[in-house]
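A.B. asks: Let me begin by handing over the structure; questions about it come next.
Please treat every number below as a calculation from the coordinates, not as lab data. Computed from a prediction, not measured in an experiment: that's the story for all the values here. Ideal geometry is used to build each Cβ from the backbone, glycine not excepted, and the neighbour counts take in all protein chains shown.
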């Protein structure tokens, strides 16, 4: 067989005669199904076609190209040839009727002195050489060539093919074809690509190789910025959570499914509302400015999700983005940008932790990056999926309430200690209301909620065109007995088109998400109501104002917020179009454009019904609308080549992003009827507040990676970022990283030295610099307005009947990029053929040029000016992750994992801190989470009053705002609220079709006993543990732990400013329990299903802790709901 000369390539016919689309899909589908079922995934010798392969062609003179196309059509065999050696335009006379393929080929090709070889589903056509010339030529050139594909028969691009003896190698092209010279009999060939299992096979002249997807943790594909890698080959820290792991958890926000899964990732749910923003921090907080969100960058299928903050104090929680809700008033602090996402669409979530992984994103990756990759449709027969899930929600545990008799006894004792007599006015719960009542208002306010989720999907296609459509509807009835619900509907459409030669790929997706929420504020109300309190509603079902007024009419009805709903509607459209073209064997061009649009209505109503009839009744509404849109345009070129004994990968590209947010808040009042509350025209008064935020960014990126024999890996990334957030002198910043990895186990000496059970050993380190532009919009320009920005809704007085415009932002064009320098080092170990894997990581981050609001003297007319603080923040910590297979026998498998992390966040340096406005706020060398307290020295046995240490020895207990350590300040006890350690655990068991999964999270940190902040004896305090009852001061001479009871809390001194009640506490939360069963293949065939899975799972199943409140994360009065879900998933 003649070799392929250097620089030449195989070619396959690219033009096919017209075939109806529905037949084309079936034909192509049949090809790949036959290949998967009947042909083993291994290297094959030249072979004969099946006996049932026949050709029929009418008597005619036809070009060779048409004949090759007809062979493809009738037999599913692809014909490949060298275009420089085979003239496909020459015409040949043919006349065949059900003639065997082998015979037909000999007749047609023999007329043209052509020779053919059949390898699997390939027919290789070459010029015929007679006699010994063939042997001499083959032996002279020793050329190896062939085809690489995946398990489904699709060609694989970029596979590294290396001769183990010489180290020479090449890569497969877009059609999966390759050619490699200078092999000798007995050589071994290594086939490798990220995400697939490595194969080493004996070298042969013609090879057809199928690679299987990698399933072990070291070699499975991991999505990184603008590409993929694996844990074995990466130089940075990227943690992957699969879509299957996420779908096991009955949550409505994928971020909640990450709790305990990623060491160094902190997930904090601020409320029990499913749509509410969630606090997310990766390796601690970098910024001193508490107002700037510390959220990471979210990227969905390469499209960044950006919501600019407009500074609306009505919605935003300090340090957390309010997402799409920027206008109006939000009870929940906004809406998470990922609420409403279809969990069934998620393929994986990758968390990018260090500079090597995030620097290529520039300033957008300053707080880390979370990449969400959705499922892509795959070639194959059309598949339809249906899912139905039904869940109930409740509160897993309530603190025990004291009995009514004990409550009244404590109340009377408190009045006696205060030297007072209870009266109907001062103590209606004792003297005016019905003390025979014993109402547990928790059970009135909280009932079991329900969540119903319906899903539908359809996908299919062939190698040239695939499509997928998925939709989901979720209806949530909250635990609130009065109202409150969440609804979410999503629909996603995806498609991908490939050219016949596999060089060009066009893919697109568009999604629409609608969410509706009706939230009510309850807070601690259900937990702080006296047992004798009147009913919430009167006999007519209206708010019971009359029953709560008290004897003098001054008693306030505490439930008005229950009738003041906050309704939020959000519509989001996202689209993305990508174009890939493989110009040469090693060069690929990529371009993409993405667009996001969101329109949000956020209305808060104060109806007349929520107001006491004896007062002047007028309704009011806070209307809010937010329009957000962003466009992202990117383009890049990737070059991959085999150079010497290693693989070189070079990527160059740019990305432009423009984001705008327009928020309007309208304060409307004077409504005379509740039916008019949604109409602005019927308000007797209204005031409009608007806010606008805009940001443009342009980034140029590069990445260079060189992998020498899978032993030494070098990675360089660079980014040149331009941002509209800075003045012209500082608009651009340069950032980048440098990473190295060494797979020690690949060294010859290591293979001899290390025991057989020590299967993997890797050292890696990287260093990088990342910027941050979280400064606000156009703060470097002088801005004018007619409203006082420091007093919402306050307009400046008219000047001669005209609205005055005054400067509202001082000018500073010199502030520049905040900068974070990061070092990351990791040790990876694999034991027992990588059944046990350990990763230990240390990191250190220094952030300087802190962008802050720097206070200015009042006479300037401005409270602060935007600028760079000289302070330097330090984040450092360690992370450990262990996972492995405990037992694997036959159809039984048991795997488990545990991870933990410890982060230290502190102020490294702050020049001239004592002379700065932050002298009383920060302490050099201490964490931002450090608090200073008085030292509690116990209860005075004679008076029952708490006592504290006079640390300054001046005879005065001072707990004011002086700097810690300043003369006269007695607050010297330091408590750091950051966890000492936090992490997660998991266990997965599977047997045949059964699967059981357990996931938990834990933390060990300082916590305050929530009951130490309560004052037993005051009205409505019903959470009084036995320890408090037994150890409270009752009479002179008592040696007690807790102060005397008091109705007013007087003489309690500075108990809340002391270390009283603080202790180191551990908790372990079982986040998820998931049990599922997949029907056996035999049953599926009878039911004509492709798959059927029945599941039972639960989230927040229980919490093991000595903490005495409702929940160790949210405190005493905000419970996190437990969800118990059942569901079924069908595919046919």
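A.B. asks: Per residue, how big is the convex hull around the C-alpha atoms of the stretch 1017-1072? Give it to me in cubic angstrom, could you?
C.D. replies: Working: hull volume 8.2 nm³, N = 56.
Dividing the Cα hull volume of the stretch 1017-1072 by its residues yields 147 Å³.
A.B. asks: Taking the number of other C-beta atoms within 10 Å as the exposure measure, put 456, 183, 1104 in order starting with the fewest.
C.D. replies: Details: 456 15, 183 20, 1104 12.
Taking fewest neighbouring Cβ atoms as first place, the list is 1104, 456, 183.
A.B. asks: For the stretch 348-435, taking Cα atoms only, what is the radius of gyration to one decimal and the Dmax to the nearest whole Å?
C.D. replies: My reading of the Cα-based Rg and Dmax gives 30.6, 84 Å.
A.B. asks: For the stretch 835-887 and the stretch 380-403, write down the distance between their C-alpha centroids in whole Å.
C.D. replies: Centre-to-centre (Cα) distance: 36 Å.
A.B. asks: Computed over the Cα atoms, what is the radius of gyration of the stretch 537-593 divided by 2.2 N^0.38 Å, N being its residue count?
C.D. replies: The stretch 537-593 yields a ratio of 3.01.
A.B. asks: Related question: Along its three principal axes, how long is the stretch 410-516 when you only count alpha carbons? Whole Å, largest extent first please.
C.D. replies: Here the Cα extents, ordered largest to smallest, are 93, 24, 18 Å.
A.B. asks: May I ask for log10 I(q)/I(0) of the stretch 962-1070 at q = 0.14, 0.18, 0.19 Å⁻¹, from a Debye sum over the Cα atoms as equal point scatterers with solvent left out?
C.D. replies: -0.79, -1.04, -1.08
A.B. asks: So for 708, 433, fewest C-beta neighbours within 10 Å to most, what's the order? Kindly include the intermediate steps, with their values, before the conclusion.
C.D. replies: On the way: 708 16, 433 20.
Ordered from fewest to most neighbouring Cβ atoms within 10 Å, 708, 433 come out as 708, 433.
A.B. asks: Go through 418-427, 668-677 and give me the packing order, highest mean Cβ count within 10 Å leading. Numbers along the way, then the final one.
C.D. replies: Details: 418-427: 14.4, 668-677: 16.3.
Taking the mean over residues of other Cβ atoms within 10 Å, the ranking is 668-677, 418-427.
A.B. asks: Next question, about the same structure. Evaluate the Debye formula for the stretch 222-379 with equal point scatterers sitting on the alpha carbons, no solvent, and hand back log10 of I(q)/I(0) at q = 0.12 Å⁻¹, in q order, two decimals.
C.D. replies: -0.51
A.B. asks: Could you state the angle between the C-alpha long axis of helix 64-75 and the longest principal axis of the C-alpha atoms of the chain, as a value from 0 to 90 degrees rounded to the nearest 10?
C.D. replies: 60
A.B. asks: On to the next question. From the gyration tensor of the Cα coordinates in the stretch 654-710, what semi-axes in whole Å does the equivalent ellipsoid have, largest first, with each one equal to sqrt(5λ)?
C.D. replies: Computed over the stretch 654-710, the values are 54, 14, 6 Å.
A.B. asks: Take peptides 750-758, 261-269 and line them up by average Cβ neighbours within 10 Å, highest first, as a rough protection proxy.
C.D. replies: On the way: 750-758: 11.1, 261-269: 23.1.
Highest mean packing first, the order is 261-269, 750-758.
A.B. asks: Something else: Listed highest first by mean packing, meaning other Cβ atoms within 10 Å per residue, what order do 949-956, 632-639 come in? Let's see the in-between values first.
C.D. replies: Numbers: 949-956: 12.4, 632-639: 17.4.
Listed from highest to lowest mean packing, they are 632-639, 949-956.
A.B. asks: If you look at just the Cα atoms of the stretch 614-669, how large are its Rg and its Dmax in Å?
C.D. replies: Here Rg and the maximum Cα pair distance are 26.8, 89 Å.
A.B. asks: Binned at 5 Å from 0, what are the whole-percent values of the Cα-Cα distance distribution for the stretch 202-309, short to long?
C.D. replies: 2, 8, 14, 18, 20, 13, 8, 5, 3, 3, 2, 1, 1, 0
A.B. asks: Shifting gears a bit: Mind pulling the per residue volume of the convex hull built on the Cα atoms of the stretch 552-707? Å³ is fine.
C.D. replies: Working: hull volume 25.5 nm³, N = 156.
Per residue, the Cα convex hull of the stretch 552-707 comes to 163 Å³.
A.B. asks: OK, next. Regarding the chain, what is the average projected area of its C-alpha convex hull, in nm²? Before the final figure, lay out the partial values.
C.D. replies: Values: hull surface 218.4 nm².
The orientation-averaged projected area of the Cα hull of the chain comes to 54.6 nm².
A.B. asks: Relative to the longest principal axis of the C-alpha atoms of the chain, give the angle of the C-alpha long axis of helix 404-417, reported between 0 and 90° and rounded to the nearest 10°.
C.D. replies: 50
A.B. asks: Sticking with this structure for a sec: Treating the angle as unsigned and between 0 and 90°, give the value, to the nearest 10°, between the Cα long axis of helix 101-110 and the longest Cα principal axis of the chain.
C.D. replies: Long axis of 101-110 versus the principal axis of the chain: about 60 degrees.
A.B. asks: Here's something else I'd like to know. For Cα pairs less than 8 Å apart in space and 6+ apart in sequence, what is the mean separation divided by the residue count of the stretch 222-379, i.e. the relative contact order in percent?
C.D. replies: Numbers: 306 pairs, mean separation 46.6, N = 158.
Once divided by the residue count of the stretch 222-379, the mean separation gives 29 percent.
A.B. asks: Mind checking Rg over Rh on the stretch 339-495, alpha carbons, Kirkwood formula for Rh? Intermediate values should be presented prior to the final figure.
C.D. replies: Working: Rg = 27.9 Å, Rh = 21.8 Å.
Value, to two decimals: 1.28.
A.B. asks: Per-residue ellipticity at 222 nm for the chain, helices alone: DSSP H runs ≥ 4 residues times -39500 (n - 2.57), over residue total, nearest 500 deg cm²/dmol?
C.D. replies: -2500 deg cm²/dmol
A.B. asks: Related question: Can you pull the Kirkwood radius for the stretch 222-274, inverse mean 1/r over Cα pairs, to one decimal in Å?
C.D. replies: Values: mean 1/r = 0.0771 Å⁻¹.
One over the average 1/r among Cα pairs gives 13.0 Å for the stretch 222-274.
A.B. asks: In angstroms, what radius of gyration and Dmax does the stretch 627-765 have, counting Cα atoms only?
C.D. replies: When restricted to Cα atoms, the stretch 627-765 yields Rg and Dmax of 28.0, 88 Å.
A.B. asks: Hey, fewest Cβ within 10 Å first, where do 1132, 559, 178 land in order? Mind dumping the intermediate values first?
C.D. replies: Details: 1132 14, 559 20, 178 26.
Ranked by crowding around the Cβ, least crowded first: 1132, 559, 178.
A.B. asks: Computed over the Cα atoms of the stretch 685-735, what is the ratio Rg over Rh, Rh following Kirkwood? Walk me through the numbers before you get to the answer.
C.D. replies: Numbers: Rg = 20.5 Å, Rh = 14.7 Å.
Ratio of gyration radius to Kirkwood radius for the stretch 685-735: 1.40.
A.B. asks: Using Cα centres only, tell me the gap between the stretch 898-937 and the stretch 249-274 in whole Å.
C.D. replies: That distance is 27 Å.
A.B. asks: I need the Debye-formula profile for the stretch 478-618: one equal scatterer per C-alpha, no solvent, reported as log10 I(q)/I(0) at q = 0.21 1/Å, two decimals.
C.D. replies: -1.24
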